[in-house]
1. Evaluate the stretch 3-226: find the radius of gyration of its Cα atoms, find its Kirkwood radius, and give the ratio Rg to Rh.
2. Pick out which of Ser129, Ser156, Ser168 has the largest mean-square fluctuation in a Gaussian network model of the chain, springs linking Cα atoms closer than 10 Å.
3. Helix-only estimate, please: 222 nm mean residue ellipticity of the chain, summing -39500 (n - 2.57) across DSSP H runs of length 4 or more and dividing by its residues, to the nearest 500.
4. How big is the charge dipole of the chain about its Cα centre, in debye rounded to the nearest 20, if each Lys and Arg gets +1 on its Cβ and each Asp and Glu gets -1 on its Cβ?
5. Using a simple charge model, +1 on the beta-carbon of Lys and Arg, -1 on the beta-carbon of Asp and Glu, nothing else, what dipole does the stretch 102-227 show about its Cα centre, in debye to the nearest 20?
6. Of Met55, Gly85, Val216, whose Cα points farthest to the positive end of the dipole of the chain (charges on the beta-carbon: +1 Lys, Arg; -1 Asp, Glu; origin at the Cα centre)?
7. Which net charge results for the neighbourhood of Arg207, defined as the other residues with beta-carbon distances under 12 angstrom from its beta-carbon, given Lys and Arg at +1 and Asp and Glu at -1?
8. Which of rounded, prolate, oblate describes the stretch 97-227, given a ≥ b ≥ c as roots of the alpha-carbon gyration tensor eigenvalues and a/c under 1.5 marking rounded, otherwise prolate only if a/b is larger than b/c?
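Read the figures in this text as sums done on the coordinates, not as results from a lab. Remember, predicted model here, so these are calculated numbers, not experimental data. Don't worry about glycine lacking a Cβ; one is built from the backbone with ideal geometry, like all the others, and counts go over all protein chains shown.
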Amino acid sequence: MSRECELRDCGRLGYAEALELQEFLVAERKAARIPDQLLLVEHPHVITLGRNGHMDNLLAPEEMLERAGIGFYRTRRGGDITYHGPGQIVGYPVFDLREWKRDVVAYVRALEEVLIEAVGEFGVKAERSTEGHTGVWVEGRKLAAIGVHISRWVTSHGFALNHETELSYFRYIVPCGLTLPVTSLADLGVAVPREQVCQAIARGFARVFDFEIRPVDAWAHILEKTQ
């Protein structure tokens, strides 16, 4: 029988709020009070730096980011620096890998496979990098970034898929520390609603991780705990 994964589409959510929500769900998952979770969000303009990231890859001072309305956060995820913003689909899986595979590399490769399958539904031939760079690529351009954190085999952070993202915002950074171009589904000529892309992502997770995906209210369980 497939394992259950609750899908929470949180819509537009600030980065700090999404981080707080993840931390809450991670604690609940570690205590086995909830099944695996998949959060889908869209952030306001924000740049995040991974735990092993290099500030040299931030190409603008923080004061300039503030004037441009772009937040900045240092995080515990893997990877270097990246941008999140409107038109991007960000996914935060909160999975207990002890119930799948205790293998971090296999988990990252599986996330790539999910996204490759998802965009493939819309005729996009995406692939892994032949140079070994993490993420999902289309003809040498990065379509999705991946950066994860794992504590006691429970995952957090995750991926960012450029759907209708305004790519000019990447000028403030060296994305993931690589001087390589980025792209989006819209940039590739794919015009599909966010809801359809999210559904394709959910189907990819269901197949790759052998899940039964069950959509729930974004704040179900959380509100119960805070009342």
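1. Working: Rg = 16.4 Å, Rh = 17.5 Å.
Radius of gyration over Kirkwood radius for the stretch 3-226 works out to 0.94.
2. So, out of Ser129, Ser156, Ser168, the one fluctuating most is Ser168.
3. Details: 5 runs with 59 residues, N = 227.
Calculated from helices alone, the mean residue ellipticity at 222 nm is -8000 deg cm²/dmol.
4. Working: 26 positive and 32 negative charges, 106 e Å.
Taking the Cα centre of the chain as origin, the dipole is about 500 debye.
5. Details: 13 positive and 16 negative charges, 60 e Å.
It comes to approximately 280 debye.
6. It is Met55.
7. On the way: positive: Arg203; negative: Glu113, Glu117, Glu121, Asp210, Glu212.
In short, -4.
8. Working: a/c = 1.57, a/b = 1.38, b/c = 1.14.
Taking the square roots of the gyration eigenvalues as a ≥ b ≥ c, the stretch 97-227 is prolate.
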